[in-house]
Each structure stands twice: as C-alpha cells, then as structure tokens.
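The values are calculated or read from the model by the stated rules, or taken from the named source; none is laboratory data. All of these numbers come straight from a predicted model, not from anything done at the bench. Here the Cβ positions follow ideal geometry from the backbone for every residue, glycine too, while neighbour counts run over all protein chains shown. Note: accessible area is taken over every heavy atom of the protein model, side chains too, but ligands, DNA and RNA are not part of it. Shrake-Rupley method; radii C 1.70, N 1.55, O 1.52, S 1.80 Å.
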Amino acid sequence: GAFILGVWVEIVTVFNAVTTNVLTVGTNAASYNNIVNAGDVNEATTGVTQVTRGLGRSLAAAADTQVFVMYTQSGTAATTGQAVIVIEFEGGWST
C-alpha cells in the first residue's frame with residue numbers, strides 16, 4: 001500500500017551487449033516492468049533518468065511486495081554494465 005513518490009535510474013557504467021540491452025524494474029511476475037519499462041532508460045548512456053511510470057498508489061498491495069530488477073540482452077553478451085535504482089516511497093497503508 002505504499003505511495004511511490006519517485007523513481008530514478010542512474011547508468012553508472014554502460015551496458016554493452018552488441019544487439020540489445022534492456023533493464024526493467026517491477027512487481028509484476030515474469031516481465032517485471034511496471035515501475036521501469038523497456039525504453040524508459042537508455043542503457044548505453046551514463047547519467048540519471050527520472051522515470052514517471054508506476055508513481056502513486058498504482059502498485060498498491062495488501063502486503064509487503066518484492067521489487068525485482070531484470071536485465072535482458074541479445075547478441076554478444078555484455079562485459080560491462082552497472083545501474084543504481086532508487087525508489088522513493090511513503091507509507092504503507094492498508095487501504
């Protein structure tokens with residue numbers, strides 16, 4: 001039941017898989033993309049991106065919910081890549 005105030009992703013070191021690099025964050029099983037979706041962040045450029053998906057109580061849950069980060073690549077495997085993800089939230093209301 002938390003209220004998400006902000007989401008930021010900093011690409012510290014670029015992800016360098018040859019064809020695609022996709023970083024997603026979420027609570028929805030399998031795709032994990034309801035907080036940070038593919039295309040929200042450019043994994044090939046360093047810097048900070050403010051993501052506006054999933055803000056507010058749109059992801060409210062009745063109990064504690066785990067948040068997952070998923071990295072998907074294609075082509076030659078990446079040898080570099082590092083991201084810092086910050087999710088700022090308030091509360092934990094049951095209703």
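Remarks
- Overall shape of the chain was characterised from the C-alpha gyration tensor. The equivalent ellipsoid obtained from it has semi-axes of 27, 14, 9 Å, in decreasing order.
- At a probe radius of 1.4 angstrom, the accessible area of the chain per residue rounds to 58 square angstrom.
- Spin-label pair residue 48/residue 5, simplified geometry with 7 Å Cα→Cβ offset, distance in nm: 1.4 nm
- Cα-centred dipole magnitude for the chain, charges only on beta-carbon of K, R (+1) and D, E (-1), debye, nearest 20: 160 debye
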